[in-house]
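The values are calculated or read from the model by the stated rules, or taken from the named source; none is laboratory data. Keep in mind the model is a prediction, meaning the values are calculated, not measured. Neighbour counts run over all protein chains shown; Cβ positions are idealised from the backbone, glycine included.
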Amino acid sequence: MPGQSAPSLVWFRQDLRLADNPALIAATDRGAPIVAVYVLDDDAPGKWRIGGAARWWLHHSLAALGKDLRQLSIPLVLRRGPSKTVIPKLVKEIGAEAVFWNRCYEPFAVSRDATIANALTKVGIEIQDFAATLLTEPGTVENKSGNSFRVFTPFARTVLQRSQPAKPQPAPRAKQHHLRITSDDLDDWKLLPKHPNWASSFGEDWTPGEAGAQEKLKTFSEDALGHYPTGRNLPGREGVSRLSPHLHWGEISVRQIWHAVELHSGNAADTYLKELVWRDFAYQLLDQFPALPDEPLTPRYTRFPWRQDAKALKAWQQGMTGYPFVDAGMRQLWTSGWMHNRVRMVVASFLVKHLLLPWAEGEAWFWDCLVDADLANNAMNWQWVAGSGADAAPYFRIFNPVLQGEKFDKDGAYVRRWVPEIAGLPDKFLHRPWEAPGDVLAEAGVTLGKTYPKPIVDHETARQRALEALKTIQK
């Protein structure tokens with residue numbers, strides 16, 4: 001085939017794996033030498049540039065990907081700058097005649113990719129892009145009226161009634177012809193924090209890269225999947241997959257996860273598969289409403305009387321609200337770059353309803369602190385809790401952080417791990433230390449207001465204040 005000996009460029013983005021990677025597999029099938037590239041582009045996303053915790057993950061994931069690609073004699077080129085200029089420049093530099101990538105769906109990515117594709121096509125470069133991130137492409141799941149869904153249940157029913165996703169493809173095996181090409185040094189990107197190294201304990205919980213993703217999937221399938229419907233609500237146990245950062249960075253494909261889980265029939269597998277569909281639902285909404293990360297989906301919430309309280313926001317961010325279940329979650333987030341999903345809902349509800357602080361403040365904090373920070377899911381889930389999103393929890397549904405803790409952390413394992421200064425309290429008072437008698441506090445070494453804060457807001461008072469605020473936008 002004419003031109004087939006000219007190199008192919010594979011542009012890696014949120015697909016940092018070899019197996020079930022359509023772009024890489026198609027480039028391999030072309031038979032020409034391959035150059036792989038990752039571009040650190042902080043311009044296109046604007047304020048949604050990769051957050052701090054996610055940059056830690058990206059550093060280690062790129063190191064793993066580069067090592068894996070070397071086994072195929074494919075160089076991983078690292079370049080920093082606007083993708084709109086970096087990619088065309090690299091195409092010219094290596095004499096590529098074809099560029100392959102897997103699609104991204106963030107609004108800025110869609111615009112960026114279209115611009116690059118148009119520019120390269122005009123000069124005769126072949127462009128091939130592939131669906132490799134989701135179960136369903138945004139805009140392809142419609143109701144009987146031909147419109148996109150805004151309610152999850154019928155969306156999920158429609159997706160689950162479709163045929164199964166295609167079987168995942170194995171990684172390429174054939175070694176490529178090696179090309180020498182200059183690359184940035186990964187360490188020079190300074191993705192890892194220095195002083196203070198707030199990510200120092202991340203490595204205890206995570207092994208970024210394709211091998212780490214496969215190991216997580218294996219552990220979940222063998223150990224936790226069977227009791228997932230109940231285990232997923234208990235943050236003190238290993239009851240969830242913890243695959244979200246691997247999935248966000250594409251170190252594992254959603255098809256690989258689907259088929260591994262689907263082998264286990266029954267309620268547990270069905271419950272987990274719906275979580276994968278929930279992820280697709282987020283991207284469907286982002287496709288319909290590109291402003292989702294920045295504006296309330298329900299217009300009346302633009303009039304909501306949010307408070308401004310820097311002291312309360314800081315207490316929430318630092319896990320010093322005086323509510324142990326909330327504080328445990330926020331400390332888990334800071335220490336590990338991740339938070340259990342049940343607790344994410346509780347801490348989010350506490351911010352927007354107990355403290356009456358804008359959901360956008362929580363969204364931004366999660367974006368910077370989560371290793372699995374994902375624009376579509378982060379935006380949808382914050383608006384879901386705040387009551388302003390699609391199929392959202394009603395604003396008047398206000399989680400009681402004490403009852404949530406007593407129900408889902410009955411033995412206190414979660415709170416005692418992340419809030420050790422009150423670990424000595426008996427279960428009866430662990431989630432409500434302000435009700436403990438003085439002698440019980442003393443025996444546990446707890447001095448409220450000194451060793452552990454008193455609640456920064458009274459639950460019932462905060463609940464009434466939130467309900468009154470809601471009335472102002474219902475008129």
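When region 219-242 is examined, which residues are found to be in contact (Cβ under 8 Å) with a residue 12 or more places away in the chain and in a helix (DSSP H, G or I)?
Keep residues of region 219-242 that are in contact (Cβ under 8 Å) with a residue 12 or more places away in the chain, which gives 220-221, 223-229, 232-242.
Correct list: F220, S221, D223, A224, L225, G226, H227, Y228, P229.
Is there a residue being part of a loop (DSSP other than H, G, I, E, B) and among the aromatic types (F, W, Y) anywhere in region 314-327? Checking region 314-327: at least one residue is part of a loop (DSSP other than H, G, I, E, B) and among the aromatic types (F, W, Y). Candidates are the residues of region 149-168 that are farther than 16 Å from R279 by Cβ and buried (at least 16 other Cβ atoms within 10 Å of the Cβ); the one that is modelled with the lowest pLDDT is R150. Scan region 430-472 residue by residue and report those that are free of Cβ contacts under 8 Å to residues at least 12 places away in the same chain and crowded, with 17+ Cβ neighbours inside 10 Å. Within region 430-472, A436 is the sole residue that qualifies. Regarding I87, is this residue surrounded by 23 or more Cβ atoms within 10 Å (Cβ to Cβ), assigned to a loop (DSSP other than H, G, I, E, B) and among the aliphatic types (A, V, I, L, M)? No: the conditions fail for I87.
Among the residues of region 10-55, those that are small (G, A, S) and either buried (at least 24 other Cβ atoms within 10 Å of the Cβ) or not in a loop (DSSP other than H, G, I, E, B) (or both) comprise A23, A26, A27, A36, G46, G52, A53, A54.
Every condition in (1) surrounded by fewer than 15 Cβ atoms within 10 Å (Cβ to Cβ); (2) assigned to a helix (DSSP H, G or I); (3) touching a Leu at 6+ places or on another chain (Cβ under 9 Å) is met by K175 except one, and the failing one is (2).
Among the residues that make up region 406-417, is at least one of them closer than 30 Å to R300 by Cβ, assigned by TED's automatic domain parsing to the domain that holds T335 and not aromatic (F, W, Y)?
First pass over region 406-417, keeping only residues closer than 30 Å to R300 by Cβ: none.
Among the residues of region 406-417, not one is closer than 30 Å to R300 by Cβ, assigned by TED's automatic domain parsing to the domain that holds T335 and not aromatic (F, W, Y), which makes the answer no.
Against the conditions (1) without any contact (Cβ under 8 Å) to a residue 40 or more places away in the chain; (2) farther than 30 Å from L62 by Cβ, P196 satisfies every one except (2).
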